[in-house]
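So the structure is just underneath, and the comments pick up after that.
The values are calculated or read from the model by the stated rules, or taken from the named source; none is laboratory data. Everything numeric here is computed off the predicted structure, so don't read it as measured data. Reconstructed Cβ throughout: ideal geometry from the backbone, glycine too, with neighbour counts over all protein chains shown.
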Amino acid sequence: MWLPLLFLIIGVTLGILTDIRIPDAYSDYLSIAVLAAFDTLLGGIRAQLEKNFDDTVFLTGFFFNITLAAVLAFIGVQLGVDLYLAAVFAFGVRLFRNLAMIRRMVIDQKLLTKFRKK
Amino acid sequence: MKRRKGKSIILSLVLLVSGFLVSYSYQLTKSSPEMIQLNDSQWEKEYFYQQQLLDMEKKNKQLREELKEKRKNIQDIENEMADREQVVADFVERKKKLQMLNGEVPIQGEGVEIVLRDAEYIPDEEQVNQYIVHESHIHSVVNELLSAGAKAVAINGQRYMKDSYIACTGPVITVDGVQHPAPFVITAIGDAEVLYSSLNLTQGVVDQLRSDNVDVELSKENQLEMKARLSAEG
């Protein structure tokens, strides 16, 4: 359990210490990547709670989502249409749905345990 | 157990990447310049300051132009002053030359010296008058010297000017009112060669003087000095 936490800290430190400025044109990609990462993490947590977590799906989902979002944003830039908004929207919706499901499941479990205690 | 370990590795990888992404984008946003929202009053203020800046720059430009002009003026004035100084220096030079010619400053240079003495031997039966130096002798010597190009002539150390006169007053002669007894030392500054040879011409001045029984001594001098006239009034 300590390994993921350590890696998280390492990642955060690396991100803070990185002093490379990317051009403004690519900041869209970065925001999409961040969204995709959050989405995948929350999805993983949900799957864990639903007890159908699969690490292959988790891993491929993480990278595939990021890649797809980047490709979409790239195409959008090429076409002059803000296609990355679609990715942002989709990720946002999924984020909230995952969050709601996690909340519901946690609350349900707590309520169930409470009821059982009663 | 193996499955659990693989899961945690995958989780750590994903966390690493997402942590990196999040913190990187956070840092990027923080360091990128913020958009400054300006409301109306700020706009007005900015416009006002902008206007002020423009005015100042305009004024600056004008002042710079003025400065340039003034500098040019100063340059002109300095040039003029330099010219004037040149003129003044020329005048001073000329004045010095004239003073030299006029005998107001002491001068020196090469030249000749002629000493005229009364004859030492005077036969008893002869007139004494025929054996002494007369003012006409001095006249002829001085005239010869001047016509040969002497720049300055002095008799017994007294400068002989353009308006000087030589008069015979008995046994002595008077130059500009100053009496000089024999022997008469006439010095002349100029080209020594020319002066010497013009005096020494056959049937020239020296010959004539000798035939008039005057003792003549002629010598070239490398360095002759003449004192200034005592008074400018002469």
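The table below lists the values:
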quantity	calculated
Subset of the stretch A:36-49 that is facing another protein chain (nearest Cβ under 10 Å) and without any contact (Cβ under 8 Å) to a residue 40 or more places away in the chain - its residue that is nearest to residue A:104 (Cα to Cα)	A:48
Subset of the stretch A:48-67 that is of a type in the set (A, V, I, L, M) and over 13 Å from the mean Cα position of the chain (by Cα) - its residue that is nearest to residue B:8 (Cα to Cα)	A:57
Cβ pairs under 6 Å, 6+ apart, first in the stretch B:133-153 and in contact (Cβ under 8 Å) with a residue 12 or more places away in the chain, second in a loop (DSSP other than H, G, I, E, B)	B:133/B:118; B:133/B:182; B:133/B:214; B:137/B:214; B:149/B:190; B:150/B:190; B:151/B:190
Filter pass, residue B:97 being surrounded by 10 or more Cβ atoms within 10 Å (Cβ to Cβ) and over 35 Å from the mean Cα position of the chain (by Cα)	no
Residue A:38 vs. criteria under 18 Å from residue A:95 (Cα atoms), touching a Leu at 6+ places or on another chain (Cβ under 8 Å) and either in a helix (DSSP H, G or I) or among the hydroxyl-bearing types (Ser, Thr, Tyr) (or both)	yes
Failed item in (1) at pLDDT 75 or above; (2) more than 10 Å from chain A (Cβ to nearest Cβ), with residue B:20 passing the rest	(2)
Residue within the stretch B:127-150 that is assigned to a strand (DSSP E or B) and under 18 Å from residue B:227 (Cα atoms) present	no
Breaking point among (1) in contact with a helix residue (DSSP H, G or I) (Cβ under 7 Å, 6 or more places away or on another chain); (2) loosely packed, with under 12 Cβ neighbours inside 10 Å, for residue A:103	(1)
Subset of the stretch A:98-118 [among the basic types (Lys, Arg) and in a helix (DSSP H, G or I)]	A:103, A:104, A:110, A:114, A:116, A:117
Criterion violated by residue B:105 - all others in (1) outside any loop (DSSP other than H, G, I, E, B); (2) modelled with pLDDT under 95 satisfied	(1)
Hits in the stretch A:50-63 - residues which are closer than 16 Å to residue B:11 by Cα, in a helix (DSSP H, G or I) and more than 9 Å from every other protein chain (Cβ to nearest Cβ)	A:57, A:60, A:61
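Every residue, every condition in (1) under 18 Å from residue A:40 (Cα atoms); (2) under 21 Å from the mean Cα position of the chain (by Cα); (3) not aliphatic (A, V, I, L, M), yes or no:
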residue	(1), (2), (3)
A:79	no, no, no
A:83	no, yes, no
A:89	yes, yes, yes
A:92	yes, yes, yes
